[in-house]
Structure formats: C-alpha cells, structure tokens
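Worksheet: the structure to be examined is printed underneath.
The numbers here are math on the coordinates, done by the rules we state, and not lab data. Here the structure is a predicted model, which means the values were calculated and not measured. A quick note on method: Cβ atoms are made from the backbone with ideal geometry, for glycine too, and the neighbour counts reach across all protein chains shown.
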Amino acid sequence: MIELNVYKNTDTTSAQYGKAYARVDYKEQFDVNKLAKHMAEHNTPFSEGTIRGILTDMVKCIRELTLNGNTVKIENLAIFKASVKSNACSRYGVMRATIGAKTVRVGGQPIETGNAVKSLKLLAQATGEYSAAELNKDATLGWTKKAKDAIDADKAAMAQASGGQG
C-alpha cells in the first residue's frame, strides 16, 4: 500500500498559502544491494552477488547511454532519458551547449557560451504495465496515522466553527 501524508503550504507569499496537499510517505529506500537481496529471495537460481553485479552494470550502461543522448526503455517500468533545464536567451547567437558557464576554453581560446543551460536532469517516464493509467488501476492508497489525525482534527475544527453542523 502507498501511504499518504498531508502537508500544508506555509509560504505566505504563495497564492496556494494554507492549502493542504497529499504526498507519498516513503517507507524505505532500496539501493542496488538491497534490491539484489530482495530479488534473490524470489526463488531465482541466481545468487544475490550475481544479481548485484548485473544491476550495477545495468546502472552504468543506462547512465552511459543517456549521457550519449539515447533513451533506454525497460519494458513495463520506465523510459530513461537525459533532459535539460534551460534559461531563456535573448539571441540564438549566445546559445551554446554548455552548462551554467558564460565562457569555456577550447584549445586555450575563450568561447562565449551564454547561460543557455541551467542543469541536466534524468527523467524516468512510466511505460507499459507501469504507466499512469495502470498505476491508477492497481495502486492501493491509504493515509498515515499522522495524516488521519490531522484530517480528523481539521474536520472537528470545521464542525465546531460551523456550530456543530458538519
């Protein structure tokens, strides 16, 4: 089950100030080692160490391929790809493919790059049986105890404010 928590926007300068939002309350983070151990417990003929090696190589290859401008699709999971956050530039002439630098040196000579790219990021887009539509059908959601208590307190306050007529 995916448990949800409730968070309130406390930014007084935001148009959404005071509004509540649901967020996933993550239980545990699995790294390659924990994932390999988990997979080895699923009646596989491969040892935890073998699985760990394969997963480690997979991570390296996905990184290499995405940094070379490719996308990598793992069926029923995600399509991995590199993307950029970019700045608006006033002229095409100052747009160069450099991250966050005004100038770079090529062969000892400074080359103006502008500041076209803020940063790189890795995107993972759900695919196949792990698509958003499938997740919406298959996921089970529930509130954490902390969220339930906050919701109940909010309901009680609203009922009290309306004179018990809720």
Of LYS73/LYS121; LYS27/LYS121; LYS19/LYS145; LYS73/LYS145; LYS37/LYS60, which pairs sit farther than 28 Å apart, going by alpha carbon to alpha carbon?
LYS73/LYS145
A student applying the Cα gyration tensor rule (rounded when a/c is under 1.5; otherwise prolate if a/b is larger than b/c, oblate if not) would label the stretch 1-75 oblate
If amide hydrogens are placed 1.01 Å from N in the peptide plane, which non-local residues have theirs closer than 5 Å to the one on LEU4?
ASP25, GLY142, TRP143, THR144
Mean Cβ count within 10 Å, highest first, over the residues of peptides 67-77, 21-31:
67-77, 21-31
Around ASP152, what is the net charge, scoring Lys/Arg as +1 and Asp/Glu as -1 over all other residues with Cβ under 13 Å from its Cβ?
+2
Which cross-chain or sequence-distant (5 or more) residues have an amide H under 5 Å from the amide H of THR71, H modelled 1.01 Å from N in plane?
none
